[in-house]
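Reading through the structure tokens given below for one structure.
Only the coordinates and a few stated rules stand behind these numbers; no lab work does. This structure is a prediction, so every number in the text was calculated from the model and none was measured. Using ideal geometry, Cβ is built from the backbone for each residue, glycine included, and neighbour counts are taken over all protein chains shown.
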There are 2 protein chains.
Amino acid sequence: MAFDPQELRFDAQGLIPVIAQDEATGEVLMLAWMNAEAVRRTLETGRVTYWSRSRQSYWVKGETSGHTQRLIEMRIDCDRDCLLVLIEQTGPACHTNRRSCFYTAIREGAEVVIAEPME
Amino acid sequence: MAFDPQELRFDAQGLIPVIAQDEATGEVLMLAWMNAEAVRRTLETGRVTYWSRSRQSYWVKGETSGHTQRLIEMRIDCDRDCLLVLIEQTGPACHTNRRSCFYTAIREGAEVVIAEPME
């Protein structure tokens, strides 16, 4: 079946959550959002492109930082309201310079930082 | 720092997206939603508990199907608006009886089913 980004289920803001996973290691790096056009651009260019809710603009990941995400494969969930992108991440995915945005764990009721910024 | 679920950043509906990842294999199994009380219950009981947007009720994963999720670790992202739960999944996570909800890939512009239901 041919894939049409418009046939995904977007929320009231026209957005869908996207999980970015390191294709090589399996590490979950971040969650961000796309609209239909960002999905189309990502598939067309192979450069993962989100919709920035704070800036209200397209956001080609790494365009300014150099920490790009190359798309290996895009997957859709059963409800068509979430995407998983398997990617090749250059450098850190997180704006704190950590590899993953999920660097804080809850252990014994407390928040613990479990990863340091990359060199 | 002591963890308080109320200090997460919830959306306008009081919800936060939660990525469930198989702790043993690294496979991303599903994305669902929690409110602050669901986060609290998940940490307290070790049984992953979501908020069902369609049923508008708490949803202890696997309570009726037996396909439970045991919490190994909960992580928070840098923006505090997304959670990652590392879990031990019993049986399939998906209501289609597949291990993961992300069983459809986009390949050469078409949707391809890449996983079959479990026995």
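Some points to look at:
- Unique match (being touching a residue at least 24 places away in the same chain (Cβ under 8 Å), more than 8 Å from chain B (Cβ to nearest Cβ), crowded, with 21+ Cβ neighbours inside 10 Å and within 14 Å of the chain's Cα centre (by Cα)) among A:I72, A:I87, A:I76: A:I87
- Scope the stretch B:24-41; condition in contact (Cβ under 8 Å) with a residue 40 or more places away in the chain and closer than 24 Å to A:M74 by Cβ; matching residues: B:E27, B:V28, B:L29, B:M30, B:L31
- Filtered by the rule that a residue be facing chain A (nearest Cβ under 8 Å) and either β-branched (V, I, T) or surrounded by fewer than 14 Cβ atoms within 10 Å (Cβ to Cβ) (or both), the stretch B:93-113 gives B:H95, B:T96, B:T104, B:I106, B:R107, B:G109, B:A110.
- The one condition in (1) more than 15 Å from the chain's Cα centre (by Cα); (2) under 14 Å from B:C94 (Cα atoms) that B:E44 fails to fulfil: (2)
- Neighbours by Cβ (under 8 Å, 6+ apart or cross-chain): first from the stretch A:42-61, without any contact (Cβ under 8 Å) to a residue 24 or more places away in the chain; second part of a helix (DSSP H, G or I) and of a type in the set (A, V, I, L, M): A:T49/A:A38; A:Y58/A:A38
- Output for the stretch A:9-58, where each listed residue is within 12 Å of chain B (Cβ to nearest Cβ), touching a helix residue (DSSP H, G or I) at 6+ places or on another chain (Cβ under 7 Å) and buried (at least 20 other Cβ atoms within 10 Å of the Cβ): A:V39
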